[in-house]
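Chemist: Following this message is one structure expressed as structure tokens.
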Amino acid sequence: MPNEIICYIRGNKIIETPEEKVRQEYVRRLVEEYGYPKEIIDVEVPIQLGRDKTKKADIVVYRTKKDREKRENHYIIIECKEPKIKFPDGEEQLKSYVNATTAQIAVWTNGIEFKYWKRLKEPDRYEEKGYLPKYGKEYGDKKILKKDLRPVSNLQAKFNRIHNDIYANYKAGNKTKVFYQVIYLLFAKIQDEKSDNPECEFIIYDREWDEIRDKGTSKTFEKRIFNLFEQAKSRPEFNDIFDGTEKIEIPIRQIANFVSEFENISILNTDAKGEAFQAFISGQFRGDAGQFFTPDPIKNLIVEMLEPKPDEVILDPACGSSGFLVFAINHYRDFIKKQKGWVDEKGNPLNDIDLTPDQREILRGKIKEYANTHIKGIDFDNDLTKVAKMYMVMVDDGHTGIWTSNSLISFNELVKNTRGTITPESADIIMTNPPFGSKGKVQDRNILSEYDFGFAWKKDKKTGEFQKEKLLAGKKGGGQVPDILFIERCLSLLKKGGRMGIVLPDGDLTNENTEFVRAWIKNKAQIVAVISLPQETFVPFGAGVKSSVLFLKKPKGKLPERYPIFFANLQKIGYDIRGRRTYKRNERGEVIDDEGQPIEYLTDRKGNKTKQDPILIELKGALDTDIPEVLAEWTKFKKEFKSYLW
């Protein structure tokens, strides 16, 4: 059976098609970004094109609610096509609808590309525009104040949409280059939001759009946007992100499209900006060297179990785009909100957008101070560390602790590469997901000789003890997989009494040929917990390796002879094998929130319930995961065996 979705405007059940998804996304934008009330919007509106001919317009925006009820005084008509349909297919049909009504604005979209026209007084004459006016505004009176910027609910869709537009027109032949062009424009936007000017500069005015349309350029627009990026590059806190040579190189039309897409929204005040940015990153950088992005539920699980304290140093020696570190920062963010009493009636931390401007400024200052002194990360991929720094800027900073280096090199080199900031036994907490597998075995003799795991191990048949033998380098197929070396390196980076959570392939914990690894760990650290992850955990992110999370504590002295270990087997993780969210339901099949209450229903025009609101489901629906149950059992375990843990 075909999938069904709920109409954002009418609330009825409809068949999900590519074109319908485009339409539903656009009506959501009309309401949430442009401010048009739902009551003046309708879908599939009959348009009389002659005495005997009627066709349905995809979306119509009316002047008033009364106009919608009477289906008169059409204001905006939108034609939606599925993404594979290219412009100008449908333009003639759209304009025939406008000609037959009082509509003043025509919009064409396939979800990726957008076209806008203002209807002129002369019959069948149109002027192409570069944007849609916000509710209550008209073409020609554009002015955006920062206080009027709105958070956006689907920032990831914007990132992807604008990336696709640039990629199709930049002709760089390299998605990474396009990715950085998006980032540069994003930082120009962030610079504008950070400036003291109450009026936005990250904007395209009507006259500038007209110049780009008619002449292919606009000097005032180009100068203003480029200046914002130059100002961003020159900010002292960004001097280790940009080297000064970065340039915005994409066509002016694509810059105008980007600005038009982002000018009405606030990046800094959008709560899920970090998650959206991370999702965007993961679509551009895949694990070619065995590294894979850690899904959010697993990052949350590890952070919650390790319980970082405000005065503890947190390190990820294979940080990638810094996902673990950002979750640690957000853990501290919630700590500050609770400490300050910025909570709702149930004691939950308020969203950033619900804080006052003064409270947000206090929070940003505290996070920046904390992150700059307590958050550290290393990755060998220079592109990823640059992205990691940008990601941390998105969540209020901490990027100065990110370094480009191979974490497995000798400590002398590592200390030098990180300017003395990362040394043996310098971290209170380590959380990491190192590169997996034999694809990228470490074969460098200088590195292997630094590690016990750089040598072959043999088990004595009589005593059952393992003994080191020859260095693994030099043999055909020799070397050691990085995940095993990372276990040893992480323990050496931990302070005595420090704790760590590391994602490892199950083979390290179960295979017969890795028994020496388990024997070594048993002698060097206290095994606190082992959490088995579902098979699909990493499938949507590019890998299918069955994995577990190993939690270790570095002893301050002698290891206890006997101690309890917490084991858990996760069955559900909150998304399916394709990465689609799955939600908890009650006995009636209704999606419920974290309190067990069903998500609110939409109603039809007669006030009858139709289906649960898909927007509220996405915002408030409880993910179908047993992570909360695992954390609840962990809490009981901690209480019972507190003296053994942290």
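Chemist: Residues being of a type in the set (K, R), in a strand (DSSP E or B) and either more than 35 Å from the chain's Cα centre (by Cα) or crowded, with 16+ Cβ neighbours inside 10 Å (or both): count how many of those fall in segment 457-503.
Modeler: Residues of segment 457-503 that are of a type in the set (K, R), as a first pass: 458-459, 461-462, 468, 470, 475-476, 489, 495-496, 499.
This time we only want the ones that are in a strand (DSSP E or B), so: 458-459, 468, 470, 495-496, 499.
Narrowing further to those that are either more than 35 Å from the chain's Cα centre (by Cα) or crowded, with 16+ Cβ neighbours inside 10 Å (or both): 458-459, 468, 470, 495, 499.
Number of matching residues: 6.
Chemist: Of the residues that make up segment 260-268, is at least one touching a strand residue (DSSP E or B) at 6+ places or on another chain (Cβ under 7 Å), of a type in the set (S, T, Y), part of a loop (DSSP other than H, G, I, E, B) and at negative phi?
Modeler: Yes, that holds for at least one residue.
Chemist: Sort out for me the strands (runs of 3 or more DSSP E) sitting completely within segment 1-99 that have 3 or more residues that are within 31 Å of the chain's Cα centre (by Cα).
Modeler: 4-6, 13-15, 74-80
Chemist: Moving to a separate point now. Checking the condition surrounded by fewer than 23 Cβ atoms within 10 Å (Cβ to Cβ) and under 21 Å from the mean Cα position of the chain (by Cα), which residue from D379, D428, D352 passes?
Modeler: D352
Chemist: To continue, here is another question. With (1) modelled with pLDDT of 90 or more; (2) in a loop (DSSP other than H, G, I, E, B); (3) surrounded by fewer than 15 Cβ atoms within 10 Å (Cβ to Cβ) as the list, and G244 as the residue in question, which single condition is left unmet?
Modeler: Here G244 clears every test but (1).
Chemist: Does segment 601-613 include one or more residues that are at pLDDT 90 or above and either touching a strand residue (DSSP E or B) at 6+ places or on another chain (Cβ under 9 Å) or of a type in the set (D, E, K, R) (or both)?
Modeler: Filtering segment 601-613 down to residues at pLDDT 90 or above leaves none.
The answer is no, given that none of the residues of segment 601-613 is at pLDDT 90 or above and either touching a strand residue (DSSP E or B) at 6+ places or on another chain (Cβ under 9 Å) or of a type in the set (D, E, K, R) (or both).
Chemist: Within the bounds of segment 562-577, is there any residue that is of a type in the set (D, E, K, R), at pLDDT below 90, part of a strand (DSSP E or B) and surrounded by 12 or more Cβ atoms within 10 Å (Cβ to Cβ)?
Modeler: No: zero hits.
Chemist: Before we move on, is K81 surrounded by fewer than 17 Cβ atoms within 10 Å (Cβ to Cβ), in contact with an Asp or Glu (Cβ under 9 Å, 6 or more places away or on another chain) and of a type in the set (K, R)?
Modeler: Details: surrounded by fewer than 17 Cβ atoms within 10 Å (Cβ to Cβ): no; in contact with an Asp or Glu (Cβ under 9 Å, 6 or more places away or on another chain): yes; of a type in the set (K, R): yes.
Taking the combined requirement at face value, the residue does not satisfy it.
Chemist: Let me ask something else. Only one of A328, A318, A371 is closer than 26 Å to D196 by Cα, among the aliphatic types (A, V, I, L, M) and within 20 Å of the chain's Cα centre (by Cα); which?
Modeler: A371
Chemist: Which number in (1) in contact with a Ser or Thr (Cβ under 9 Å, 6 or more places away or on another chain); (2) closer than 30 Å to P564 by Cα marks the one condition that L619 misses?
Modeler: (2)
Chemist: Can you tell me which residue in segment 327-371 is nearest to M431 (Cα to Cα), limited to those that are in contact (Cβ under 8 Å) with a residue 12 or more places away in the chain and in contact with a strand residue (DSSP E or B) (Cβ under 7 Å, 6 or more places away or on another chain)? First the steps, then the outcome.
Modeler: At the first step, the residues of segment 327-371 found to be in contact (Cβ under 8 Å) with a residue 12 or more places away in the chain are 327-337, 340, 342, 349-353, 355, 359-360, 362-364, 366-368, 370-371.
Narrowing further to those that are in contact with a strand residue (DSSP E or B) (Cβ under 7 Å, 6 or more places away or on another chain): 328-329, 334, 337, 342, 349-350.
Numbers: A328: 9, I329: 13, D334: 19, K337: 24, W342: 28, P349: 24, L350: 26 Å.
This residue is A328.
Chemist: So, one more: Given the structure, is D296 under 18 Å from V503 (Cα atoms) and either surrounded by fewer than 22 Cβ atoms within 10 Å (Cβ to Cβ) or of a type in the set (D, E, K, R) (or both)? Walk me through it before giving the result.
Modeler: Numbers: under 18 Å from V503 (Cα atoms): yes; either surrounded by fewer than 22 Cβ atoms within 10 Å (Cβ to Cβ) or of a type in the set (D, E, K, R) (or both): yes.
Taking the combined requirement at face value, the residue satisfies it.
Chemist: Would you mind finding the one in F327, F277 that is closer than 27 Å to L384 by Cβ, modelled with pLDDT under 90, assigned to a helix (DSSP H, G or I) and out of contact with any Gly (no Cβ under 8 Å at 6 or more places or on another chain)?
Modeler: Values: F327 fails: modelled with pLDDT under 90.
That would be F277, the only listed residue that is closer than 27 Å to L384 by Cβ, modelled with pLDDT under 90, assigned to a helix (DSSP H, G or I) and out of contact with any Gly (no Cβ under 8 Å at 6 or more places or on another chain).
Chemist: If you don't mind, there's one more thing I want to ask. For G440, indicate whether it is on the phi > 0 side of the Ramachandran plot and either out of contact with any Ser or Thr (no Cβ under 7 Å at 6 or more places or on another chain) or surrounded by 13 or more Cβ atoms within 10 Å (Cβ to Cβ) (or both).
Modeler: Values: on the phi > 0 side of the Ramachandran plot: no; either out of contact with any Ser or Thr (no Cβ under 7 Å at 6 or more places or on another chain) or surrounded by 13 or more Cβ atoms within 10 Å (Cβ to Cβ) (or both): yes.
Judged against the criteria, G440 is not a match.
Chemist: State which residue pairs qualify: first residue touching a residue at least 40 places away in the same chain (Cβ under 8 Å) and in the same structural domain as E199 (by TED's automatic domain parsing) and inside segment 245-272, second residue surrounded by fewer than 22 Cβ atoms within 10 Å (Cβ to Cβ) and polar (S, T, N, Q) in any location, beta carbons under 8 Å apart, and separation of 6 or more residues or different chains.
Modeler: Pairs that qualify, where the first residue is touching a residue at least 40 places away in the same chain (Cβ under 8 Å) and in the same structural domain as E199 (by TED's automatic domain parsing) and the partner is surrounded by fewer than 22 Cβ atoms within 10 Å (Cβ to Cβ) and polar (S, T, N, Q), are I250/N169; P251/N169; I252/T217; R253/N169; Q254/N169.
Chemist: Which one of the conditions (1) exposed (fewer than 12 other Cβ atoms within 10 Å of the Cβ); (2) outside any loop (DSSP other than H, G, I, E, B) does K558 fail to meet, given that it meets all the rest?
Modeler: Every listed condition holds for K558 apart from (2).
For every residue, the table says whether it meets (1) more than 14 Å from L132 (Cβ to Cβ); (2) charged (D, E, K, R).
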| site | (1), (2) |
| --- | --- |
| E32 | no, yes |
| I47 | yes, no |
| D52 | yes, yes |
| K65 | yes, yes |
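The values are calculated or read from the model by the stated rules, or taken from the named source; none is laboratory data. Since the structure is predicted, the reported quantities are computational estimates derived from the model, not experimental observations. As a convention, Cβ positions derive from the backbone with ideal geometry for all residues, glycine included, and neighbour counts pool all protein chains shown.
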